[in-house]
Structures are given as structure tokens and as C-alpha cells.
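In what follows, a single structure is set out as C-alpha cells and then discussed.
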Ligand code: 6PG
């Protein structure tokens with residue numbers, strides 16, 4: 001056993017095991033803890049050298065093995081388990097020790113835990129980790145929030161293990177309290193939006209262009225070589241290549257079309273509503289997972305209604321428009337998520353820098369994309385930018401692609417192909433870029449039936465009219 005280990009990790013599931021091995025690969029000694037003896041044994045075996053990587057089922061041995069201030073990361077399922085692990089560690093810790101929750105905890109839970117532990121002199125970090133099992137092993141994007149001074153102890157380890165973009169680590173101190181968890185939550189909301197958009201374009205190419213899986217693979221790989229370059233487009237192209245190992249044909253065609261969710265996308269939408277920030281591209285992605293779950297009802301309804309005939313369309317044109325529409329709607333989805341983050345930062349006192357967030361999303365995380373380099377630059381140029389759509393560098397990118405979004409939304413509506421993510425993105429864009437919206441009428445209606453008053457365009461003050469006099 002080494003003298004004292006640099007880093008501790010509770011929860012040796014696949015994420016935890018991979019994270020700890022990543023820490024060790026980067027020259028730090030690490031100690032793991034899990035109640036499951038098999039997981040402990042598996043880590044010790046994989047670590048190879050107990051001077052570098054060790055593990056135990058016993059919390060006391062675990063805590064005693066760590067150098068102070070202790071840096072203990074939890075990679076356990078979000079919810080009550082996090083509280084239970086904290087309670088079990090608490091009597092064993094010293095003041096100034098640091099607990100880092102690496103899971104997708106709800107941000108108000110993180111605030112509660114941070115305040116509770118601060119009273120006891122323990123620092124608590126909510127640090128979202130993105131990149132899945134592979135990311136945890138080879139370099140995730142890490143989104144930490146908490147006490148800035150305490151972060152200095154964690155920083156060298158996180159910077160070593162994080163993914164690198166042009167040599168820069170994809171981790172940064174984001175702000176106090178739950179800033180890190182909040183940023184990870186919105187990351188996941190954007191992830192839901194991008195996944196929904198990708199699945200719609202797949203549906204469109206299949207139904208309108210009769211694309212085979214081979215063609216889909218080629219198209220998505222070509223797109224991934226251009227401005228749409230991103231982890232999600234890349235894995236999508238690979239998914240279309242995967243043959244079914246349990247039968248003939250391709251695996252993607254055999255997968256039940258009901259998408260599960262753990263809740264982070266829904267939390268993003270719910271909190272955006274609380275803040276009063278519109279994120280319809282994320283909202284609809286959550287709704288679509290819910291509609292997908294209604295498989296039996298969908299089957300019944302499908303029999304009751306006629307579907308229009310899919311109109312003929314030139315395949316080359318379709319593919320060009322699909323690429324443009326996907327690019328347009330990706331931009332609009334990032335714009336909404338970042339708008340929410342900017343507002344939440346003010347509301348909750350995170351004081352996050354949006355350019356820093358975009359910067360640490362450029363590699364390692366699920367929503368990494370070439371676009372994020374441009375987004376980083378836009379917010380570096382103007383850190384107070386309320387919305388990406390207001391960035392002069394994005395006007396041309398959006399202007400040159402929105403036409404294809406319009407053409408495909410109207411084509412798909414006539415052909416009965418649902419493109420809810422794309423049409424919500426387009427509608428959001430059209431509304432956000434309209435000086436005048438018809439909500440004057442809503443104000444008149446509110447005043448008519450409820451005397452709720454209205455303001456006027458041409459003079460100051462609050463007005464009420466007796467409409468039915
Ligand atoms: C990541 C992912 C990760 C997880 C999602 C899946 O950034 O690495 O977002 O956190 O895979 O929580 O979420 P759903 O189960 O809700 O799709």
C-alpha cells in the first residue's frame with residue numbers, strides 16, 4: 001500500500017472504475033471504495049500495482065488511506081444514495097476535506113448538500129462528468145462547481161484526467177454551489193435536443209429519400225467530415241453500419257422505438273420554464289421521448305388515420321437541405337441551452353462564463369462538436385451576449401441554412417413525416433427574430449376578460465379598457 005493516496009473514489013461501477021484508472025494513468029495514486037467485494041477485486045486486478053491503485057470495501061480503511069485534504073469523488077447513482085454515502089463518510093472526515101459528486105444530481109440537491117457540509121467544514125462539489133464510460137477512461141469533460149479555494153486541490157488531478165482540446169483541458173472551475181451540476185444538466189438538455197434532431201433527419205432521409213443503412217452511414221460520415229463534425233453525428237454514422245448479431249440485417253432496424261430517459265432533459269425544460277427562458281427544441285425532445293413510450297396507442301392511432309403520400313423529392317437536393325437544416329437546428333439548440341445558462345447564472349449567482357463552458361465542451365463530452373469552437377469565439381468576443389443568434393459571427397451561418405429548414409419542414413408537413421425538433425427550432429428562430437409578435441392580442445384578451453391591463457406602444461403607463469361597454 002502506498003503511503004497515502006492522492007485521490008479517493010466511491011462507487012466502482014464502470015464509470016468509477018474507468019475514472020480511477022484514468023487518474024492513475026496520469027501519475028496520481030488513487031484508492032477506490034465500494035460495498036461490492038467483486039468490484040473492489042476487479043479494480044485491484046485491473047490497476048495492476050496497489051502502490052498506484054488500490055481499493056477496499058471498508059469505508060474506514062478507505063478514508064484513512066487518503067492524503068489530506070482528502071479528495072473523494074462519488075460516482076454513485078443520483079438521489080438518496082448520494083446522501084447515504086455522505087453520511088457514512090462524514091464521521092471519518094476532517095475539516096477541509098473535499099467531497100465531489102460526479103453524478104447527475106439535481107442542482108438543488110447539490111445546494112442543500114453544499115450548505116449542510118459547509119457547516120461541518122467539509123467542501124462539497126457538484127461536478128458533472130460527461131463522455132460515458134469511454135470518456136471516463138480516456139478523458140471526459142468535467143464541470144465542477146463549489147468553493148473556489150478548495151478547487152485548487154482538485155484542479156491538478158481534474159486537469160490531468162480531462163479530455164484535451166488543442167492541449168487545453170476540458171475542465172474549469174465554473175462557479176459556486178451547484179454551478180457545475182446546473183451546467184451538466186443543461187449539457188444534457190442540449191444532448192436531448194441534438195439527438196432528437198438527428199433522429200428526425202434519419203427518418204426523413206429514410207422515408208423521403210429511401211436511404212438504405214449503407215447510404216445513411218455514408219451520408220452521416222460525410223457530414224461528420226464537415227461543419228457538422230460532432231460526437232453524435234459520428235456515432236450515428238457508426239450505428240448504421242452495425243449488423244444484427246442475433247439475426248439478419250442491421251441492428252438499428254430491430255431496436256424498439258421507445259426512448260428511455262433518466263430525467264436530466266426534463267429538469268432542463270422544467271427549470272427553463274421556472275426561469276422564463278424558452279427552450280422549445282429541448283422541450284420537444286423530452287415530449288418526443290414521452291410520445292415514443294406510447295407505442296401501443298401510436299399503433300392504434302396509426303390505423304385510424306390516413307397518412308399523406310410522401311411526395312417525390314430529388315435525393316441530392318434532399319441530402320443538401322438535410323445537412324443545412326441539421327446545422328441550423330444544432331445552432332438554435334445550443335443557442336437556447338446557453339441562453340438558459342446565462343439567465344440561470346444571474347438568477348442563482350453562479351456568475352459562469354459562457355465562453356468557458358463552450359470551451360470545456362469542445363472535447364470529451366457527448367455534445368462535443370466543431371461548432372463549439374465557433375461558439376467559444378462568439379462568447380469570447382462578447383461575454384454578455386444574451387443569445388448566440390445575436391452574435392454577428394453566427395448571422396451568416398444561420399441565414400444561409402434557415403431556408404433549407406423552412407423547405408424541409410413544409411415538405412415534411414405535406415408528406416406526413418414528423419419533424420418536431422426541426423419545426424420547433426424554426427418557429428423559435430422566426431419568433432425570436434420578430435420585432436412584432438401577435439401577443440398584443442393576448443394582452444387585449446387578458447384585459448377584456450380579467451382586467452389584467454396592458455401597456456401601449458405609443459405612450460407610457462398602464463391601461464385598462466372596458467371592452468364590452
Ligand atoms: C453524458 C451523458 C450521461 C448519460 C445521460 C443519459 O454526458 O455522459 O449525458 O450523463 O448518458 O444521463 O441520459 P438519459 O438516460 O436521460 O438519456
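Do we have residue 88 as within 30 Å of residue 288 (Cβ to Cβ) and touching a residue at least 24 places away in the same chain (Cβ under 8 Å) here? Don't jump to the end; show me each part of the working.
Values: within 30 Å of residue 288 (Cβ to Cβ): no; touching a residue at least 24 places away in the same chain (Cβ under 8 Å): yes.
Against the criterion (within 30 Å of residue 288 (Cβ to Cβ) and touching a residue at least 24 places away in the same chain (Cβ under 8 Å)), residue 88 does not qualify.
With a cut-off of at least 3 residues that are within 16 Å of the ligand (Cβ to nearest atom), name the helices (runs of 4 or more DSSP H) lying wholly within region 246-330.
Numbers: elements: 264-275, 280-293, 295-304.
Answer list for region 246-330: 264-275, 280-293.
Based on what the data block shows, is residue 334 assigned by TED's automatic domain parsing to the domain that holds residue 266 and within 17 Å of residue 377 (Cα to Cα)?
For residue 334, the condition - assigned by TED's automatic domain parsing to the domain that holds residue 266 and within 17 Å of residue 377 (Cα to Cα) - is met.
Kindly list, by first and then second residue, each pair from a residue in region 260-274 that is in contact (Cβ under 8 Å) with a residue 40 or more places away in the chain and on the phi < 0 side of the Ramachandran plot to a residue that is near the ligand (Cβ under 6 Å from one of its atoms) and in a helix (DSSP H, G or I), limited to pairs with Cβ atoms under 6 Å and residues at least 6 apart or on different chains.
Partner pairs satisfying both residue conditions: 264/188; 265/188.
Inspect all residues belonging to region 146-156 and state whether any of them is within 12 Å of the ligand (Cβ to nearest atom) and modelled with pLDDT of 95 or more. Lay out the reasoning, then the answer.
Step one: list which residues in region 146-156 are within 12 Å of the ligand (Cβ to nearest atom), which gives none.
For region 146-156, residues within 12 Å of the ligand (Cβ to nearest atom) and modelled with pLDDT of 95 or more: absent.
Looking at this structure, is residue 97 touching a helix residue (DSSP H, G or I) at 6+ places or on another chain (Cβ under 9 Å), modelled with pLDDT of 95 or more and over 26 Å from residue 4 (Cβ atoms)?
Working: touching a helix residue (DSSP H, G or I) at 6+ places or on another chain (Cβ under 9 Å): yes; modelled with pLDDT of 95 or more: yes; over 26 Å from residue 4 (Cβ atoms): no.
Judged against the criteria, residue 97 is not a match.
Filter the helices (runs of 4 or more DSSP H) completely within region 106-173 down to those with at least 1 residues that are on the phi > 0 side of the Ramachandran plot and surrounded by fewer than 22 Cβ atoms within 10 Å (Cβ to Cβ). Steps first, please.
Numbers: elements: 107-119, 132-138, 148-161.
Because the criterion is at least 1 residues that are on the phi > 0 side of the Ramachandran plot and surrounded by fewer than 22 Cβ atoms within 10 Å (Cβ to Cβ), the helices (runs of 4 or more DSSP H) in region 106-173 that meet it are 132-138.
Being without any contact (Cβ under 8 Å) to a residue 60 or more places away in the chain and part of a helix (DSSP H, G or I): is that true of residue 196 here?
Details: without any contact (Cβ under 8 Å) to a residue 60 or more places away in the chain: no; part of a helix (DSSP H, G or I): yes.
Against the criterion (without any contact (Cβ under 8 Å) to a residue 60 or more places away in the chain and part of a helix (DSSP H, G or I)), residue 196 does not qualify.
Inspect region 181-201 for any residue being in contact with a helix residue (DSSP H, G or I) (Cβ under 8 Å, 6 or more places away or on another chain), more than 16 Å from the ligand (Cβ to nearest atom) and outside the structural domain of residue 27 (by TED's automatic domain parsing) and give the result as yes or no.
Checked against the condition, which is being in contact with a helix residue (DSSP H, G or I) (Cβ under 8 Å, 6 or more places away or on another chain), more than 16 Å from the ligand (Cβ to nearest atom) and outside the structural domain of residue 27 (by TED's automatic domain parsing), region 181-201 yields at least one hit.
Here is a list of conditions, (1) touching a helix residue (DSSP H, G or I) at 6+ places or on another chain (Cβ under 8 Å); (2) under 17 Å from residue 339 (Cβ atoms), and residue 274 meets all of them except one; can you say which number that is?
(1)
The conditions are (1) within 16 Å of the ligand (Cβ to nearest atom); (2) farther than 19 Å from residue 13 by Cβ; (3) within 18 Å of the chain's Cα centre (by Cα), and residue 109 fails exactly one of them. Which is it?
It fails just one condition, (3).
Checking residue 214 against (1) within 16 Å of the ligand (Cβ to nearest atom); (2) out of contact with any helix residue (DSSP H, G or I) (no Cβ under 9 Å at 6 or more places or on another chain); (3) under 25 Å from residue 411 (Cβ atoms), which single condition isn't satisfied?
Unmet condition: (1).
The values are calculated or read from the model by the stated rules, or taken from the named source; none is laboratory data. Here the structure is a predicted model, which is why all the values come from computation and not from measurement. We place every Cβ from the backbone using ideal geometry, glycine too, and count neighbours over all the protein chains shown.
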